[in-house]
Structures are given as C-alpha cells and as structure tokens.
1. Which of the peptides 151-161, 296-306, 125-135 is most tightly packed, and how do the rest follow, going by the mean number of other Cβ atoms within 10 Å of each residue?
2. Summarise the accessible area of the stretch 229-282 (1.4 Å probe, protein heavy atoms) by the percent that is carbon and sulfur.
3. Could you order T258, T324 by accessible surface area, starting with the largest, using a probe radius of 1.4 Å?
4. Determine the alpha carbon to alpha carbon distance for each of K124/K157; K126/K276; K191/K313; K191/K239; K170/K276; K121/K276 and list only those over 26 Å.
5. Is the stretch 249-334 best put as rounded, prolate or oblate by its Cα gyration tensor, with a ≥ b ≥ c the root eigenvalues, rounded for a/c under 1.5, and otherwise prolate when a/b is larger than b/c, oblate when not?
6. Given the stretch 121-273, what percent of its DSSP beta bridges are antiparallel, to the nearest 5?
7. In terms of the ratio Rg/(2.2 N^0.38 Å) built on C-alpha atoms, what value belongs to the stretch 135-181?
Amino acid sequence: MNQYDFDKLLEKYLEGACTAEEEAMVKEWSDNMLKHSELRLNSSEKSNIEQQLWTRIQQSLFPKNIVALRFKWTAVAVVASLIIGIFGLFYYQKTTAYSHSFTESIASNLGVIEVKNTSNKPQKIKLEDGSEIVLKAESSISYPEHFNDKTRSVYLKGEAFFKVKRNPSKPFIVHTRDLVTEVLGTSFTIKSYDDSKAIEVLVATGRVSVYENSEKDGFHRNGVILTPNQKIVFDKETKKLIPSLVENPVIVNIPATTLDFIFEETPLTEVLERLKEAYQIEFVVENHELNKCVFTADLNEISLHSQLDLICKSVNATYEQRGTVIFINGSGCQ
C-alpha cells in the first residue's frame, strides 16, 4: 500500500466508512507505531492532545453536518495515537544523544513544540535563530516551530538558562505565569516553578527587561532593567519585584592581564573602580575619609566576596549589599 492509498484509508476510517478488515488494518498499524515509540506521555497529556486534535479534525476535515457521533472518540483515539507514534519514532531517531526522558511533543497546535526534561540532567535545545536554551530537570518550554516577523516568544515552566542570539529587530521574550522577560541578545537564567512562592531572573551578560505579566498598561506596569550580576525576585503573593545581586558575581569584563588585579599601594578609589569595571557592579564609599586609604594585594583567582573581605580588612572597613549596590564604610585612613 503506497502513501496515497494509506491516506485515503485514514479518510475512510475517520468518516466511518471502513470495512471491518480495513478498520483492523488501521488499528494494527497505529498500535504498532505507538508500541515502538519512545515518546512518554501521561494519561492527562494524551487526553489533552486528543481533545486538541479532535477540534482540529472538526475544523479542517469534517463538515459539521456529517460528523457521526458514534465515530467521534474512536477517530480521536486513532489520530492521536498515529501522530504521537509517528512523532515519537521520529524524535527518538533524531535525538539518540539525549536521555529518553527528554521528550518533545505537540502542544496547542502542530506549529508549536513543547520540550519537557523529566530527566535529572540539564538538556540543551538549539532554536532556529541560533539561540540556545539549557533546560533544567523537571522543567518544560514551549516555542513555535518558526518565529514570527516581530518577536521570538517562548513559554517556560521551571528553570532554564538562555543564551540569546542578538537581533535588535526581533526581541526574544520569555513568558512565565507572572513575569515577562525581554531581551535583544544576552544570557540569563529564569527560575519559575509552579510550586515556588517566587520567580527569579538572574543576568549573566547584557541587559534584561523584566516586567509583570498583568492587565496594566505598559506605562504603569511593574518592571525593572537588570544588568550583569544582577537578579530580581518576584513575590507571587505580594507582586513585588525585589532587585539584588546574584549570590556569586562573576567577572564580566575580563582584565587584559593578571597584572590588572594586582595592586601595590593603590588608592582605594582606583581599586573599587577596577572591580566596578570587571563585575559591572556599583560601589559606594560612604565615608570619604576612606578615599585616603591605599591597598596592596593580589586579587586574582578569588571570588568577589573574598576580594571585598581582603580590601575591607586592610583598610579597617566593612561592606554591605543593598539591592544591587555594595556600600563600603569605615573610619578612614590617616
């Protein structure tokens, strides 16, 4: 049986015009495809897909006046199993390097891809525009097979790291239930789990606009702009956006040589300016007497917090993080 004949057979089946022998043939084929598929869906996911497919079948294949009620659920079940089976085999063959529990399925329609990582390891996804997503365990993401001409929109549940290909004419937008994160080209992490009381957005490079997904107009919408080493925590209950620094800031602008982080009798203001340039973090000296202090040390290959501990100890000062700014205070130097 060639493809044309088989397509005609499926049409007959959906119309309820198959003989018993033809019906058995279709069922045997669909069961066989589903049996050998590596696609894993739970009962609710299968039911959801069946309902979506039935709507599409009604809209595209059947005039309403000839849809026989007695064939409705049988047709849905077979079409769903056929598509799930076909897609499962195709996906299995194309992704042998991935875990079998990393599944891709049909979402709201055939033009939308949903990826679920039910393994215990991060999985990498490459989008058609060159952007990369590292989807963490127990997370899922949906995106169109082809982005439109104006935006690149994806929908996240759980946690993922995004490395977005720059395109000034087409913003990359990540939707979660309560927040929208919009960029042109940068790298960042979003943590948005359904059972968590908060959503986090952490920026590694570039600038990120984060705003509340609400009915408010754009001018009054609750939002912030984040730069490297900054993050926000959005409290789902209070609807507050709380800006802060990431737990372990990393160097954004790598010094040309290691000598750039070696200081010898260097004024404190110059040391802090060097740190600001490297980490893209703002430092404020509260007591101007500290500007008389000088600092000698090698700050290479240690974390920012260790660097600040050494600096403050040497000039008899302390530091405190307030939001996205680090404040330094002390009695000063003679």
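The values are calculated or read from the model by the stated rules, or taken from the named source; none is laboratory data. Please read all numbers here as calculations on a predicted model, not as lab measurements. Positions of Cβ are generated from backbone atoms using ideal geometry, with glycine treated the same way; all protein chains shown enter the neighbour counts. Quick note on the areas: whole protein, heavy atoms, side chains included, nothing else; ligands and nucleic acids left out. Shrake-Rupley method; radii C 1.70, N 1.55, O 1.52, S 1.80 Å.
1. Values: 151-161: 19.3, 296-306: 14.2, 125-135: 16.7.
By packing density, highest mean first, the sequence is 151-161, 125-135, 296-306.
2. Numbers: 1560 of 3130 Å².
Result for the stretch 229-282: 50 percent of the exposed heavy-atom area is carbon or sulfur.
3. Details: T258 90, T324 35 Å².
If we order T258, T324 from most to least accessible, we get T258, T324.
4. Values: K124/K157 16 Å; K126/K276 33 Å; K191/K313 35 Å; K191/K239 16 Å; K170/K276 31 Å; K121/K276 35 Å.
Cα-Cα > 26 Å for K126/K276; K191/K313; K170/K276; K121/K276; rest within.
5. Details: a/c = 1.84, a/b = 1.24, b/c = 1.48.
Oblate.
6. Values: 44 of 48 bridges.
Looking only at bridges with both residues in the stretch 121-273, the antiparallel portion is about 90 percent.
7. Expressed relative to 2.2 N^0.38 Å, the Cα Rg reads 1.16.
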